[in-house]
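Novice: Pasting a structure here, questions to come.
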Amino acid sequence: MSKFEYAPAPESRAVVDIASSYGLFINGEFTDGAGGAMKTVNPATEEVLADVAVADEADVDRAVAAARRAQEKVWGPMPGAERAKYLFRIARLLAERAREFAVLETLDNGKPIRESRDVDVPTAAAHFFYYAGWADKLGYAGYGADPRPHGVAAQVIPWNFPLLMLAWKIAPALATGNTVVLKPAETTPLTALLFADLLRQAELPPGVVNIITGAGPTGSALVRHAGVDKVAFTGSTAVGRLIAKQIAGTRKHATLELGGKAANIVFEDAAIDQAIEGIVNGIYFNQGQVCCAGSRLLVQESVAEEVTERLKRRLSTLRVGDPMDKNTDVGAINSAAQLERITALTQVGEDEGATRWTSDCPLPETGYWFAPTVFTNVSSAHRIAREEIFGPVLSVLTFRTPAEAIAKANNIPYGLSAGIWTEKGSRILAMADAMRAGVVWANTFNRFDPTSPFGGYQESGYGREGGRHGLASYLVEGGAR
Amino acid sequence: MTARVDVRKTYKLFVGGKFPRSESGRTYEVTTAKGTFAANAALASRKDARDAVRAARAAQSGWAGATAYNRGQVLYRVAELLEGRRSQFVADVAAGEGASAKKAEELVSAAIDRWVWYAGWTDKVAQVAGNANPVAGPYFNLSVPEPTGVVAVLAPQRSSLLGLVSALAPVLVTGNSVVLLSSEDRPLPAITLAEVLATSDVPGGVVNVLTGHTAEVAPHLATHMDVNAIDLTGALGADNITWGELEADAAENLKRVRRPAGDAEGDWFDAQSLEQILAFTETKTVWHPKGM
């Protein structure tokens with residue numbers, strides 16, 4: 001099929017200054033880290049963007065101590081109405097500097113500028129704006145008349161939505177009077193470090209937010225630190241399980257947002273064009289590196305052939321390449337290691353007998369790339385139908401009856417999200433009831449909003465983020481009304 | 001004339017609506033607070049725990065699928081039966097806990113009242129703990145609490161009825177099914193409660209009651225991959241096990257865990273709360289587009 005060629009429309013990177021090296025942000029200042037340094041690269045070009053400090057245990061100690069001081073002396077005693085104003089400032093500053101953050105996010109993460117510009121940054125700002133308004137209304141949230149913060153929150157976030165996950169974690173923590181030590185992912189620390197500059201502009205008191213960079217050992221030291229009262233983690237189920245074991249027997253509270261393997265269920269009466277767009281958005285958004293991605297497509301047998309054919313046709317029009325080009329639909333895979341995992345699991349799919357189809361789009365020569373891929377003839381027992389691939393790889397299964405769809409959809413230890421496509425309202429509601437998933441999208445997919453709780457059942461973790469429910473994770477219940 | 005010889009009861013487990021002996025054939029001696037023989041109770045094994053989980057799983061979707069109004073009716077009916085058996089519970093509690101007759105009366109009354117309080121929550125939880133979310137777009141967006149599934153409850157060790165009811169009733173409200181491991185030394189009120197449940201309208205398998213050694217049975221419940229959540233309250237004060245060890249076991253499939261509230265068991269008189277119900281729920285959020 002011949003493709004219409006667009007003229008390149010690259011976003012300018014002049015809007016952002018990247019320093020050659022970054023320290024740790026502790027107690028309102030950048031300081032050196034004692035754990036050496038690591039490099040962060042642009043996954044689309046393999047260009048080294050900056051050296052970033054690695055925090056060791058002593059650095060973690062300093063950050064937790066700073067957060068403790070700030071919590072007890074400044075942030076905890078401060079009236080909610082005043083805390084709110086800082087959060088409103090942050091929301092506004094993020095919106096003012098949106099272009100800068102979007103460009104930096106795309107350079108460091110590899111996601112298309114279209115997504116960082118239209119989704120990540122505005123949604124991050126919206127989270128601060130939403131939770132700002134809660135800071136002086138906590139007595140109305142349903143957690144007692146006078147709920148209290150836990151104290152110091154240790155927050156460890158992933159590389160798929162670096163700035164947005166920062167906002168999901170920091171906004172409710174601060175609104176409720178906790179202070180924060182946040183560790184961004186080792187491959188995507190730059191927007192968190194730019195956020196430190198935004199905190200300077202907001203004149204947030206020192207120590208209220210501390211940002212320490214590093215890899216697994218730094219995160220582990222932070223989670224285990226005795227001075228931490230609350231742990232919030234988003235990432236893999238394997239690491240979440242480890243954290244749950246580490247904090248067992250302590251009085252630390254935890255919220256875990258872990259893996260998923262969402263079923264996106266298409267019934268024969270669905271509006272097929274809309275469903276195709278929903279499927280594409282469900283699994284190819286952010287290169288499929290989304291914990292709630294619709295990675296298992298369950299199609300009613302009577303329309304399976306039509307849906308897969310139309311899906312492939314649509315996928316052939318997706319533009320894969322330079323994330324800084326505003327025409328790009330699918331950007332770079334975040335790291336060489338992640339590309340390797342995706343490649344290995346898709347190979348397993350082939351080895352186990354599923355039928356592979358990959359878009360024949362051209363891929364750049366440097367950087368980490370994976371073309372949109374669809375597996376058909378997949379059964380529930382295949383590893384590609386059970387394990388999270390975290391890449392642009394869709395597995396297609398079929399079903400005949402709603403009962404079979406429910407059984408297949410729920411036959412998994414995960415329970416983060418699900419999608420349902422049908423024009424029949426009563427079926428939507430009955431299916432939504434039957435899905436063991438924390439978020440159910442009916443005739444849409446991958447929608448997020450600060451007012452809407454997000455989180456999973458079973459091995460997708462516990463606790464909810466976003467909305468009124470997201471406050472619960474950061475509060476100790478006050479006296480009964 | 002010789003004095004009448006009383007007829008004594010054989011205490012058994014309660015699994016899937018039936019009263020089996022332990023498959024292991026073992027029993028252990030239960031004594032009163034004064035140290036005299038009270039009864040032999042069944043000493044549950046790993047197999048009994050697994051059978052109980054299987055029964056709970058089989059019953060869970062039906063219980064969760066009942067209307068909230070119906071669950072309220074069923075739970076209230078349990079309170080009616082508890083009231084009818086109050087003298088037996090008073091005798092059990094007085095003997096097992098060494099409480100005075102007056103104190104035992106108070107404990108039993110509080111336990112029955114607590115059951116009534118929770119029965120009334122079934123059709124209110126979703127209204128109080130759920131909400132419509134005003135998202136920035138044309139979507140209908142609703143968050144509702146749902147039961148988490150099969151919940152293992154380690155009943156408090158000291159408070160053999162009020163504590164037991166305070167731990168059990170809130171889990172049932174939203175539609176979870178339960179495997180309950182009773183107080184190790186004071187199991188008799190739990191078995192009497194099982195007899196009440198068996199003759200009530202609670203479907204078989206929704207509540208399963210095990211008696212035995214906490215340190216022997218609890219790890220099997222904590223590691224069981226088909227248990228969704230565990231209340232570790234009863235690990236406090238149990239011999240040869242800590243709640244921290246059980247919590248680490250429970251992490252294997254990321255069970256929801258309720259830790260003991262403090263370092264010592266309280267008196268349970270103030271222990272009723274919505275939070276107790278919500279500890280074993282999930283929040284499900286449903287999005288649907290709006291348009292003409």
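Novice: (1) more than 15 Å from A:GLU459 (Cα to Cα); (2) modelled with pLDDT of 95 or more; (3) within 11 Å of chain A (Cβ to nearest Cβ): which one isn't true of B:ILE241, the others all being true?
Specialist: Condition not satisfied by B:ILE241: (3).
Novice: Still on this structure: Consider A:ILE428 against the criteria (1) assigned to a helix (DSSP H, G or I); (2) loosely packed, with under 15 Cβ neighbours inside 10 Å; (3) not small (Gly, Ala, Ser): it satisfies all of them except one. Which criterion is unmet?
Specialist: The one condition A:ILE428 does not meet is (2).
Novice: Right, something else. Quick check: anything in the range A:301-310 open to solvent by less than 40 Å² (accessible area, probe 1.4 Å), aliphatic (A, V, I, L, M) and more than 30 Å from A:ALA270 (Cα to Cα)?
Specialist: no
Novice: Are there helices (runs of 4 or more DSSP H) fully within the range B:67-175 with at least 2 residues that are within 13 Å of chain A (Cβ to nearest Cβ), in contact (Cβ under 8 Å) with a residue 24 or more places away in the chain and within 30 Å of B:PRO289 (Cβ to Cβ)? List them.
Specialist: B:125-129
Novice: Still on this structure: As an exercise: evaluate A:GLN201 against (1) under 22 Å from the mean Cα position of the chain (by Cα); (2) assigned to a helix (DSSP H, G or I); (3) polar (S, T, N, Q) and give the number of the one condition it does not meet.
Specialist: A:GLN201 satisfies all of (1) under 22 Å from the mean Cα position of the chain (by Cα); (2) assigned to a helix (DSSP H, G or I); (3) polar (S, T, N, Q) except (1).
Novice: Do you know which residues across the range B:203-226 are within 11 Å of another protein chain (Cβ to nearest Cβ) and either at positive phi or of a type in the set (A, V, I, L, M, F, W, C) (or both)? Spell out how you get there, then give the answer.
Specialist: Step one: list which residues in the range B:203-226 are within 11 Å of another protein chain (Cβ to nearest Cβ), which gives B:222, B:225-226.
Across the range B:203-226, the qualifying residues are B:ALA222, B:MET225.
Novice: Name the residue, out of A:GLU11, A:GLU72, A:GLU46, A:GLU5, that is in contact with a Ser or Thr (Cβ under 8 Å, 6 or more places away or on another chain) and open to solvent by 70 Å² or more (accessible area, probe 1.4 Å).
Specialist: Values: A:GLU11 fails: open to solvent by 70 Å² or more (accessible area, probe 1.4 Å); A:GLU72 fails: in contact with a Ser or Thr (Cβ under 8 Å, 6 or more places away or on another chain); A:GLU5 fails: in contact with a Ser or Thr (Cβ under 8 Å, 6 or more places away or on another chain).
Exactly one of A:GLU11, A:GLU72, A:GLU46, A:GLU5 is in contact with a Ser or Thr (Cβ under 8 Å, 6 or more places away or on another chain) and open to solvent by 70 Å² or more (accessible area, probe 1.4 Å), namely A:GLU46.
Residues are listed down the side, and each one gets a yes or a no for (1) buried (at least 23 other Cβ atoms within 10 Å of the Cβ); (2) out of contact with any Cys (no Cβ under 9 Å at 6 or more places or on another chain); (3) aromatic (Phe, Trp, Tyr):
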| site | (1), (2), (3) |
| --- | --- |
| A:ILE113 | yes, yes, no |
| A:VAL121 | yes, yes, no |
| A:LEU138 | yes, yes, no |
| A:ASP146 | no, yes, no |
| A:PRO149 | no, yes, no |
| A:VAL152 | yes, yes, no |
| A:GLN155 | yes, yes, no |
| A:TRP159 | no, yes, yes |
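Novice: Looking only at the range B:257-267, decide whether some residue is open to solvent by less than 30 Å² (accessible area, probe 1.4 Å), away from every other protein chain (no Cβ under 11 Å) and not in a helix (DSSP H, G or I).
Specialist: From the range B:257-267, those open to solvent by less than 30 Å² (accessible area, probe 1.4 Å) are B:260, B:262; that's our starting set.
From what's left, away from every other protein chain (no Cβ under 11 Å): none.
Checked against the condition, which is being open to solvent by less than 30 Å² (accessible area, probe 1.4 Å), away from every other protein chain (no Cβ under 11 Å) and not in a helix (DSSP H, G or I), the range B:257-267 yields no hits at all.
Novice: While we're on this one: Surrounded by 24 or more Cβ atoms within 10 Å (Cβ to Cβ) and part of a loop (DSSP other than H, G, I, E, B): does that describe B:GLY212? Full working, then the answer.
Specialist: Working: surrounded by 24 or more Cβ atoms within 10 Å (Cβ to Cβ): yes; part of a loop (DSSP other than H, G, I, E, B): yes.
Yes, satisfied.
Novice: Related question: Among the residues of the range A:3-11, are any among the hydroxyl-bearing types (Ser, Thr, Tyr) and either farther than 23 Å from A:ALA102 by Cβ or modelled with pLDDT of 95 or more (or both)?
Specialist: Let us first name the residues in the range A:3-11 that are among the hydroxyl-bearing types (Ser, Thr, Tyr), namely A:6.
Pick out the ones that are also either farther than 23 Å from A:ALA102 by Cβ or modelled with pLDDT of 95 or more (or both) and you get none.
Scanning the range A:3-11 turns up no residue that is among the hydroxyl-bearing types (Ser, Thr, Tyr) and either farther than 23 Å from A:ALA102 by Cβ or modelled with pLDDT of 95 or more (or both).
Novice: Restricting to strands (runs of 3 or more DSSP E) lying wholly in the range A:229-348: which have 1 or more residues that are more than 14 Å from chain B (Cβ to nearest Cβ)? Full working, then the answer.
Specialist: On the way: elements: A:230-234, A:253-257, A:263-266, A:296-300.
Fully inside the range A:229-348 and qualifying: A:230-234, A:263-266, A:296-300.
Novice: Also: Tell me, yes or no, whether the range A:431-438 has at least one residue that is within 16 Å of A:CYS291 (Cα to Cα) and touching a strand residue (DSSP E or B) at 6+ places or on another chain (Cβ under 8 Å). Spell out the reasoning first.
Specialist: Pass one, the range A:431-438, residues within 16 Å of A:CYS291 (Cα to Cα): A:436-438.
So of that shortlist, the ones also touching a strand residue (DSSP E or B) at 6+ places or on another chain (Cβ under 8 Å) come out as A:437-438.
Yes: one or more hits.
Novice: Out of the range A:431-481, which residues are in a loop (DSSP other than H, G, I, E, B), at the interface with chain B (Cβ under 8 Å from one of its Cβ atoms) and polar (S, T, N, Q)?
Specialist: The answer is A:ASN443, A:THR444, A:THR451, A:SER452.
Novice: Could you look through the range B:270-292, keep only residues that are in a strand (DSSP E or B) and at the interface with another protein chain (Cβ under 7 Å from one of its Cβ atoms), and pick out the one that is surrounded by the most Cβ atoms within 10 Å (Cβ to Cβ)?
Specialist: Step one: filter the range B:270-292 for residues in a strand (DSSP E or B), giving B:281-289.
Narrowing further to those that are at the interface with another protein chain (Cβ under 7 Å from one of its Cβ atoms): B:282-289.
Values: B:GLU282: 26, B:THR283: 25, B:LYS284: 24, B:THR285: 29, B:VAL286: 24, B:TRP287: 26, B:HIS288: 19, B:PRO289: 14.
Across the range B:270-292, the extreme among qualifying residues is B:THR285.
The values are calculated or read from the model by the stated rules, or taken from the named source; none is laboratory data. These figures come from a predicted structure and were not determined experimentally. When we count neighbours, we look across all protein chains shown, and the Cβ atoms used for this are built from the backbone with ideal geometry, even at glycine. The protein model used for the area step is the full one, side chains on, heavy atoms only, and it has no ligands, DNA or RNA in it. Shrake-Rupley method; radii C 1.70, N 1.55, O 1.52, S 1.80 Å.
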